[in-house]
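Step one of this worksheet: look at the structure below.
The values are calculated or read from the model by the stated rules, or taken from the named source; none is laboratory data. Note that the structure is a prediction, hence the values are computed from the model and not measured. Counting neighbours? That spans all protein chains shown, and the Cβs are built from the backbone with ideal geometry, glycine included.
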Ligand SMILES: Cc1cc2nc3c(=O)[nH]c(=O)nc-3n(C[C@H](O)[C@H](O)[C@H](O)COP(=O)(O)O)c2cc1C
Ligand code: SF4
Ligand code: SF4
């Protein structure tokens, strides 16, 4: 059976599934139950500096986007960092780590952007015996208005400065948690590395308003007639998280920087995708909040089965395998030609593919053949865009197939080698290389 154990920055855990810093990791009661359910580690709910704790709203703090079947796709929250006393949190962290020495215990921190404040909290946290700290530079609401959270995460110079303070004042491994509310995720990741951080984790939540109540004309969740933007997470944000992780994994300036992947992980597949893009661990919040702590069992079993099937004996055996396959658009093979194929046995004749292709793509799917309702791809029109696959309600009913010989649409050979935009004759900046020759003399359209 595959070995799921991980060593991330030298911190070992029996599996790569950590609970992200959030309500599931808010207290000893939760974390011990999570460990009993099988979680490999936790990032404790973000601690602030000593003194009176922050105060949360007393009305609704969550909004949500649901799919047609009421499945939760995206969660929005306006919760702050822990509103529990620092001493209580530290006492509980120490007790849990003592009782569960084989699980990863990371403590998330957010204090004002002053060296003394960071030095003070680090000294306190070190006494708990925890395995590392995560710097919360991501929270997009409430704390950011006080100059913390994403207000720091959006300024690479601050990230570098605080990471450096933390490395100077503590021997603990330092993970910098990044905000996605930024244009180029590579900048804060590079800053974290420059500051000496041992790893980055991403993503924190995305600025969002999930809905506007059309009676009260206030954003949801609504607190006494007003609302503010919150942080978006859950399955809906996974594509954004994967893209950001891949940017960091393939950026020469951050290559090899350990990454803990976060954002919409709900099943073992999601986790495996983050690992394939280079993550050493994954963190989960919304899935645990939606389905409970035992959701980790499916993740463990599923990942283990997948690894056995593929012959991967350890996480390291496939970690990062997808990174070399992430490239810029200009390097994609323009000679790769596919056509849609409809499985007539599976087709329920709903017509969605025809409408989508007819109205918004390339008029390449029939509606009637010989007077009968019949949906079939016209190869001479199909550009292989994949839209019909995505709108078809029946799984695997439409698939994309790479063709050989002459493409009936262009009259040119299909799938006979590799040539990309950098050498295409239509590209005014094309470089004359051996690939350019593959387009001549009958250049593609
Ligand atoms: C209610 C709630 C509270 C959160 N609080 C924190 C926090 O205190 N510190 C932090 O770093 N991230 C916090 N997060 C963000 C999560 O740790 C995580 O980055 C985000 O939810 C994305 O993961 P997910 O899609 O699995 O939920 C919070 C998220 C939620 C939903
Ligand atoms: S792949 Fe695109 S062009 Fe081809 S049939 Fe489907 S929707 Fe039409
Ligand atoms: S969308 Fe799918 S099921 Fe509906 S007609 Fe097209 S191929 Fe058939």
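Here are the numbers for the structure shown:
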{"read-out": "Flag for residue 261 being surrounded by 20 or more Cβ atoms within 10 Å (Cβ to Cβ), at pLDDT 95 or above, touching a strand residue (DSSP E or B) at 6+ places or on another chain (Cβ under 8 Å) and in a loop (DSSP other than H, G, I, E, B)", "value": "no"}
{"read-out": "Only listed residue being at positive phi and at pLDDT 95 or above, chosen from 70, 33", "value": "70"}
{"read-out": "Selection count where residues are more than 9 Å from ligand 2 (Cβ to nearest atom) and surrounded by fewer than 15 Cβ atoms within 10 Å (Cβ to Cβ), scope region 368-389", "value": "7"}
{"read-out": "Candidates 371, 320, filtered to the one that is outside the structural domain of residue 238 (by TED's automatic domain parsing), on the phi > 0 side of the Ramachandran plot and away from ligand 3 (no atom under 16 Å from the Cβ)", "value": "371"}
{"read-out": "Test for residue 334: is it assigned to a helix (DSSP H, G or I), under 30 Å from residue 427 (Cβ atoms) and either more than 12 Å from the chain's Cα centre (by Cα) or in contact (Cβ under 8 Å) with a residue 12 or more places away in the chain (or both)", "value": "no"}
{"read-out": "Residues of region 238-253 satisfying the condition of being in contact with a helix residue (DSSP H, G or I) (Cβ under 9 Å, 6 or more places away or on another chain) and over 17 Å from residue 327 (Cβ atoms)", "value": "238, 241, 253"}
{"read-out": "Hey, residue 363 closer than 27 Å to residue 278 by Cα and either outside the structural domain of residue 249 (by TED's automatic domain parsing) or modelled with pLDDT of 95 or more (or both) or not", "value": "no"}
{"read-out": "Only listed residue being without any contact (Cβ under 8 Å) to a residue 60 or more places away in the chain, touching a helix residue (DSSP H, G or I) at 6+ places or on another chain (Cβ under 6 Å), farther than 30 Å from residue 270 by Cβ and surrounded by fewer than 17 Cβ atoms within 10 Å (Cβ to Cβ), chosen from 196, 225", "value": "196"}
{"read-out": "Subset of region 85-104 (residues that are surrounded by fewer than 16 Cβ atoms within 10 Å (Cβ to Cβ) and not in a helix (DSSP H, G or I))", "value": "85, 101, 102"}
{"read-out": "Residue tally, condition farther than 13 Å from residue 47 by Cα and outside any helix (DSSP H, G or I), over region 108-127", "value": "3"}
{"read-out": "Some residue of region 351-361 being part of a loop (DSSP other than H, G, I, E, B), within 11 Å of ligand 3 (Cβ to nearest atom) and over 30 Å from residue 243 (Cα atoms)", "value": "yes"}
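The rows are residues; the columns are (1) buried (at least 19 other Cβ atoms within 10 Å of the Cβ); (2) within 13 Å of ligand 1 (Cβ to nearest atom).
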{"position": "266", "(1), (2)": "yes, yes"}
{"position": "275", "(1), (2)": "yes, no"}
{"position": "284", "(1), (2)": "yes, yes"}
{"position": "302", "(1), (2)": "no, no"}
{"position": "315", "(1), (2)": "yes, no"}
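Each row is one residue, and each column tells you yes or no for (1) in a loop (DSSP other than H, G, I, E, B); (2) out of contact with any strand residue (DSSP E or B) (no Cβ under 9 Å at 6 or more places or on another chain).
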| site | (1), (2) |
| --- | --- |
| 215 | yes, yes |
| 237 | no, no |
| 243 | no, yes |
| 252 | yes, yes |
